[in-house]
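The values are calculated or read from the model by the stated rules, or taken from the named source; none is laboratory data. Small disclaimer: the values here were computed from a predicted structure and weren't measured. FYI the Cβ positions are ideal-geometry reconstructions off the backbone, even for glycines, and counts take in every protein chain you see. Side chains included, ligands, DNA and RNA excluded: accessible areas come from the protein's heavy atoms. Shrake-Rupley method; radii C 1.70, N 1.55, O 1.52, S 1.80 Å.
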Amino acid sequence: MSDKQLILMVDDDPDLVEAVSMKLESENFRVAKAYDGIQAWEQIKAEKPTLIILDVMMPKKDGYEVCDEIKKDPEYKDITVVLLTAVGAAVTSTKYTHRGGRTTMADEYIPKPIDLDKLMGIVKDYAHWS
Amino acid sequence: MERMKIEGIKLSNELVAIIFDDAQNKKDCGSQFCRLLAGSRVNLPFLSVTNTGEDPRACFCVALEDQDMAKGIIAAEPGLESDCELISSVGLITVFHHQFSLGMLGLLLNILGKGQVPIYGLASSLSTLNFITDYAHLNRAVQVIQDYFSISFDQIYARPDTPAVYREPKIKTYGFSDVLDLSVLELEFQLRRLPEWGLAIYDLGNSGIKFELVLAQYGKEKYLRLSLVFKQQWKEILNNHMRQAIRKDCGEMFHITSPAELVYFFGPHFGERYGIANSTFSALTGKDIPILLTGCSGSVVYLVLPEGKAQGARTLLSETFENPSRANK
């Protein structure tokens, strides 16, 4: 089994998933990918990642729901969850704003568009602690 | 033989394709039309433009509900109507992750051609291949792809939810990237030869060649113009391969432009928000940055430029688009 830590990247934007995955792999992480909330759970159960980068606006099951379920599950509650919340300043007509993100049990919240270098810093910090 | 795996397929709502072909040498018809659409808050979920030769070609898609607005813009603007073809009731089929694989691209072209699924436009993004076809053919395209690739039913996403629509004073991005030392292959062939050319491109994949960007536009007399951007080191192999595959008796032709550079950037909901392409063109118009190819699909904007222009383009684009890495310094 690899010693590299596994990060699960979940977003319905395949381009963002790819960009983040390439960055994570260049930083010596293993990466699993999912494009909706249901797939995310399948990956969590199959792979038990160290950390999940989780978009909130997704089809089938949104990121808030996935985050809540992870944090309420004794088997998975210790997985670090980093929520990618919507563009806070510009979007006013949805519940998916950065402000809304603070009501969940996520470990970290990052508003989109994410600074990929900043995201890597956060991931490395949490991965180091775990 | 093990099937190639793909991670998902997305299907769009019903769209309208607008193709400008030759446009009487109006090399700015792409940017002109983008400006007019942005002024009317019309989103472009897809854009594919070539400007390398003497006959520029552009393929745009707008939502079905924006069709009348687009028609009105074309009718009101002198010179746009004469070289414009509107194809009603089209859809976008998005396949990911392409892994920059010519093998995957070639196989998709081959099977879609054999499956009688027409292609009116094509653009790649960082992860996706986006094909424009008849809306009525979307399900058949999915079936054909499922027959040849490994993908399960729950990886198919049909008809998106209400898109995010907003405008920012300075458009936020995830950052800019460029790729240097490139060549651009442009190939023209009749759409009925799609299966054969798909196979030829598939064979190229066995040489280990990856693409950086692929675009295509449908045009006059049912010809498809396909543009492949790749690292310059592969130029000789591609040139030889094309010479062997080309059928001049079918009116096919190709040429390779070299060297070239690629700039790309992407941001949240770029495919859903109006004005992104227009902001891109506006930033570079009149600044001695000729744009050879433009592709906007998925979340990504791609610009292929002559050698030596990428850095200048990035600097100019940074005045209109926000780079988060720079913003945080």
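Values for this structure:
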{"item": "Cross-chain or 6+ apart pairs with Cβ under 9 Å, segment B:141-156 first and more than 14 Å from B:Phe131 (Cβ to Cβ), then of a type in the set (Val, Ile, Thr) and open to solvent by 50 Å² or more (accessible area, probe 1.4 Å)", "result": "B:Asp154/A:Ile38"}
{"item": "Every residue from segment B:79-96 that is open to solvent by 10 Å² or more (accessible area, probe 1.4 Å) and touching a Pro at 6+ places or on another chain (Cβ under 9 Å)", "result": "B:Leu92, B:Thr94"}
{"item": "Tally, over segment A:22-36, of residues that are over 13 Å from A:Leu51 (Cα atoms) and either at the interface with chain B (Cβ under 9 Å from one of its Cβ atoms) or surrounded by 24 or more Cβ atoms within 10 Å (Cβ to Cβ) (or both)", "result": "4"}
{"item": "Residue in segment B:39-60 that is over 21 Å from B:Val229 (Cβ atoms), of a type outside the set (S, T, N, Q) and touching a strand residue (DSSP E or B) at 6+ places or on another chain (Cβ under 6 Å) present", "result": "yes"}
{"item": "Sole exception among (1) surrounded by fewer than 18 Cβ atoms within 10 Å (Cβ to Cβ); (2) at pLDDT below 95; (3) out of contact with any Lys or Arg (no Cβ under 9 Å at 6 or more places or on another chain); (4) not in a loop (DSSP other than H, G, I, E, B) for B:Gln311, by number", "result": "(2)"}
{"item": "Qualifying residue in segment B:252-261 (condition: closer than 30 Å to A:Asp12 by Cα, assigned to a strand (DSSP E or B), in contact (Cβ under 8 Å) with a residue 12 or more places away in the chain and within 15 Å of the chain's Cα centre (by Cα))", "result": "no"}
{"item": "Residue within segment B:199-215 that is among the small types (Gly, Ala, Ser) and in contact with a Lys or Arg (Cβ under 8 Å, 6 or more places away or on another chain) present", "result": "no"}
{"item": "Segment B:97-132, residues that are aromatic (Phe, Trp, Tyr) and either open to solvent by less than 10 Å² (accessible area, probe 1.4 Å) or under 19 Å from B:Leu191 (Cβ atoms) (or both)", "result": "B:Tyr120, B:Phe131"}
{"item": "Verdict on B:Ile246 being within 14 Å of chain A (Cβ to nearest Cβ) and surrounded by 16 or more Cβ atoms within 10 Å (Cβ to Cβ)", "result": "no"}
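The rows are residues; the columns are (1) closer than 22 Å to B:Val301 by Cα; (2) at pLDDT below 95; (3) touching a Ser or Thr at 6+ places or on another chain (Cβ under 6 Å); (4) among the polar types (S, T, N, Q).
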site: B:Ala23; (1), (2), (3), (4): no, yes, no, no
site: B:Gly39; (1), (2), (3), (4): yes, yes, no, no
site: B:Val42; (1), (2), (3), (4): yes, yes, no, no
site: B:Ile73; (1), (2), (3), (4): no, yes, no, no
site: B:Leu86; (1), (2), (3), (4): no, yes, no, no
site: B:Ser89; (1), (2), (3), (4): no, no, no, yes
